[in-house]
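Data first, discussion second: the structure below is written as structure tokens.
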Protein chains: 2
Amino acid sequence: MRAVTIREQEVLTDEFPDPVPGAGEVLVRVRAAGLNGADMMQRRGLYPAPAGSPQEIPGLELAGEVQALGPAAERFNLGDRVMAIVGGGAQAELAVVHERQLMEVPAVLDWPAAGGLPEVFTTAHDALVTQAELTSGERLLVHGGAGGVGTAAIQLGRAMGAGVSATVRNRECHAQVAALGATVLDPDDFVEHGPFDVILELVGAPNLPANLQALASEGRITVIGVSAGAKGELNLLALMAKRARIHGSMLRHRPLEDKALTARRVEHDVLPLFESGVLEVPVAQTFALADAAAAYDAFAAGGKLGKIVLTL
Amino acid sequence: MRAVTIREQEVLTDEFPDPVPGAGEVLVRVRAAGLNGADMMQRRGLYPAPAGSPQEIPGLELAGEVQALGPAAERFNLGDRVMAIVGGGAQAELAVVHERQLMEVPAVLDWPAAGGLPEVFTTAHDALVTQAELTSGERLLVHGGAGGVGTAAIQLGRAMGAGVSATVRNRECHAQVAALGATVLDPDDFVEHGPFDVILELVGAPNLPANLQALASEGRITVIGVSAGAKGELNLLALMAKRARIHGSMLRHRPLEDKALTARRVEHDVLPLFESGVLEVPVAQTFALADAAAAYDAFAAGGKLGKIVLTL
């Protein structure tokens, strides 16, 4: 099979042996695979794939058709449209995924949307619901609202009945983020628009002191991105006085049972909202597998709202 | 009535008008009232009483007998032995407390134990169970194990089936802390004894970087004391990689419904463990109300394991 691979920071398309599904696993004929920040870090040599995942082939999410079933795999039938988060290896013609990690693709979604859905909506749901326990009536602030997880979080927050604000550095994206339902705030001047019950931090440590100032009593900060810096000053007395909490979270290194549980939660809480048209996957651009290098360059260049997706 | 009062940082005993119970409130004839760190801060002029609580009379916990009932108060009868956390005013012959904040005193406890129980055991239970969600089989580290909350947390952690370690600065207290069931660790050298699932931070920000190092995957840090410093460096990437969380918490400024709810939880989860002899209130020393100044000095001097309690 053909697959994307990264050698000495160069993005190539190369031939690999076809993978074979083991017990409980499904062989998926990949039709679309979204790009994510972790792929960029892997390209820069900073972020090796988790143990047990393909080391040579990047890609953390995919959508495609069930091509073969391993022994004891019984959740899906041949030809079913499925999608999943995987530990790596998604950017390939074929991928093996444990059936407990797979979700059925809602009928309303085309392949690029399905290939760009799992990572950002699972991450956003895990951060907002499982970690921060966001409820209706609360005020949510998303730092980095124009990114993949940011756009998913804004839509999910709105769908759950929260009032949503978002900081967006790139002014060209302001109108599109506002169209998703968020009040767009200046990243250097958000404190006065608080207090916020939940702050989703996709930017990093420089926001930490102001986040704590802008947080409501019993507020929650969930940190899932630190591109602007990892270390910041935390005022524990302020945290105590607000009876607040700070979560850190990432999906990548979780064990199978955790990834399966998040998949069940997304099936239950999130996928019906695509069926009903409340949520959508913003896809900025699609590239053929052979043009993976151009896709990676487009992702790195940024400035576009929505996912970059490889299509096969 | 006679009561402790603090004027220009001096601890006095003085006469005040008897308080009158309002709707749903109970007049308690105070028999014992424990001292707490917040009283010391109030003495130093750093920590005003919460709004709605007596400003002149310190004291955050009390035990005593029901002397009179306000209109619609129906949970207790005259003469019942009760105890509570209050926003202030506990160090007095009489105190008015809302009946929803009161708990019945277990028959096995004498007055000094009952007067020194509510604050530390409610704080420890709230921090370990409500915030950190400690479970059996987990490893708990208590920083500041010789203090009031520390000794309560060690006992509660053991009773819940956790393995408990504690750091204790004062070497003279090591044997007593070990006797409560904790492995005593050097405060400067605890990381290598981890990982810990839950870390209860009673000392402050200087421990923050090492706490994060010593934390297990999906670990929780609950900060409820910052005597050694409030501001520290937090590595958000480490927090993400461990999928960990940091809680800040304090009881003092909570509204009635929150204090009532914590009282119900303590009644349900903690008080039966006094009845069965699993938990005890370590009382270091008792003082008469007239000797309150000496009690405050003894508390400030430290070095003793257990509560300082005023008895009336």
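Overview of results
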{"quantity": "Residues whose placed amide H lies under 5 Å from that of A:Leu141, excluding near-sequence neighbours", "calculated": "A:Ser165, A:Val198, A:Ile199, A:Leu200"}
{"quantity": "q = 0.18, 0.21 Å⁻¹: log10 I(q)/I(0) that the Debye formula gives for the stretch A:72-118, counting C-alpha atoms only", "calculated": "-0.56, -0.77"}
{"quantity": "In degrees, nearest ten, helix B:256-269 long axis to first principal axis of chain B (Cα)", "calculated": "70"}
{"quantity": "Residue mean of other protein chain beta carbons inside 10 Å, B:248-255", "calculated": "5"}
{"quantity": "Residues whose placed amide H lies under 5 Å from that of B:Glu218, excluding near-sequence neighbours", "calculated": "B:Arg243, B:Ala244"}
{"quantity": "Cα-based Kirkwood hydrodynamic radius, the stretch A:133-224, one decimal, Å", "calculated": "12.6"}
{"quantity": "Accessible area per residue in Å² at 1.4 Å probe, computed on the stretch A:56-116", "calculated": "34"}
{"quantity": "Number of partner chain Cβ atoms within 10 Å, mean per residue of A:223-233", "calculated": "4"}
{"quantity": "Within a Gaussian network of chain A (alpha carbon springs, distance under 10 Å), most fluctuating of A:Ala244, A:Ala63, A:Ala92", "calculated": "A:Ala244"}
{"quantity": "Mean shadow area of the stretch A:21-139 over all directions, Cα convex hull, nm²", "calculated": "8.8"}
{"quantity": "Amide N proximity, the stretch B:51-74 versus B:Asp18 label position 7 Å along Cα-to-Cβ, cut-off under 16 Å", "calculated": "B:65-71"}
{"quantity": "Solvent-accessible surface (1.4 angstrom probe) belonging to A:Glu10, in square angstrom, nearest 10", "calculated": "110"}
{"quantity": "Selected from A:His125, A:His253, A:His98 as most flexible by GNM, with chain A as the system and alpha-carbon contacts under 10 Å", "calculated": "A:His253"}
{"quantity": "Chain pair B, A: total accessible area buried, heavy atoms, 1.4 Å probe, Å²", "calculated": "2600"}
{"quantity": "Per residue, the convex hull volume that the Cα atoms of chain A enclose (Å³)", "calculated": "119"}
{"quantity": "For the protein assembly as shown, convex hull of alpha carbons as volume per residue, Å³", "calculated": "163"}
{"quantity": "For the stretch A:156-199, convex hull volume per residue from C-alpha positions, Å³", "calculated": "70"}
{"quantity": "Most to least accessible of B:Thr311, A:Thr222, B:Thr286 (protein chains only, probe 1.4 Å)", "calculated": "B:Thr286, B:Thr311, A:Thr222"}
{"quantity": "Carbon plus sulfur fraction of accessible area for the protein assembly as shown, probe 1.4 Å, in percent", "calculated": "50"}
{"quantity": "Partners for B:Lys304 among aspartates and glutamates (Cα-Cα distance below 12 Å; same-chain residues under 8 apart left out)", "calculated": "B:Glu172"}
{"quantity": "Solvent-accessible area of A:Val226 with every protein chain in place, 1.4 Å probe, in Å² to the nearest 10", "calculated": "30"}
{"quantity": "Per-residue ³J(HN,Hα) for the stretch B:215-221, Karplus 6.51 cos²θ - 1.76 cosθ + 1.60, θ = phi - 60°, Hz, x for Gly and Pro", "calculated": "7, 6, 4, 6, x, 10, 10"}
{"quantity": "Residue-wise HN-Hα coupling along the stretch B:33-49, computed from phi with Karplus coefficients 6.51, -1.76, 1.60 (Hz; x: Gly, Pro)", "calculated": "8, x, 8, 9, x, 5, 5, 5, 5, 5, 4, 7, x, 9, 8, x, 5"}
{"quantity": "Zone residues, the stretch B:131-147, relative to B:Asp186, backbone N less than 12 Å from point 7 Å out along Cα-to-Cβ", "calculated": "none"}
{"quantity": "Heavy-atom accessible area ranking, 1.4 Å probe, most first, across A:Ser53, A:Ser227, B:Ser276, B:Ser249", "calculated": "A:Ser227, B:Ser276, A:Ser53, B:Ser249"}
{"quantity": "The stretch A:76-86 - phi-based ³J(HN,Hα) in whole Hz, Karplus 6.51/-1.76/1.60, Gly and Pro as x", "calculated": "10, 10, 3, x, 4, 8, 10, 8, 6, 8, 10"}
{"quantity": "Filter on A:Lys231/B:Lys242; A:Lys242/B:Lys259; A:Lys259/B:Lys242 - keep pairs with C-alpha separation over 21 Å", "calculated": "none"}
{"quantity": "Per-copy distances of the B:Val278 label point, shortest first, in nm (7 angstrom along Cα→Cβ)", "calculated": "4.2"}
{"quantity": "Coil-residue GluC sites (Glu not before Pro) of the stretch B:36-113, DSSP, other Cβ within 10 Å capped at 16", "calculated": "B:Glu56, B:Glu74"}
{"quantity": "Centre separation in Å (Cα based) which lies between the stretch B:198-269 and the stretch A:146-187", "calculated": "30"}
{"quantity": "At 7 Å out from Cα toward Cβ: A:Ser217 inter-copy label distances (nm, ascending)", "calculated": "3.8"}
{"quantity": "Inter-copy label distances at A:Ala241 (7 Å, Cα→Cβ; nm, one decimal)", "calculated": "3.3"}
{"quantity": "Area accessible to solvent at A:Tyr47, 1.4 Å probe radius, in Å²", "calculated": "50"}
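The values are calculated or read from the model by the stated rules, or taken from the named source; none is laboratory data. Because the structure is predicted, anything quoted here is derived from the model rather than measured. Virtual Cβ from ideal backbone geometry, glycine too; neighbours counted across all protein chains shown. With ligands, DNA and RNA removed, areas are computed over all heavy atoms of the protein, side chains included. Shrake-Rupley method; radii C 1.70, N 1.55, O 1.52, S 1.80 Å.
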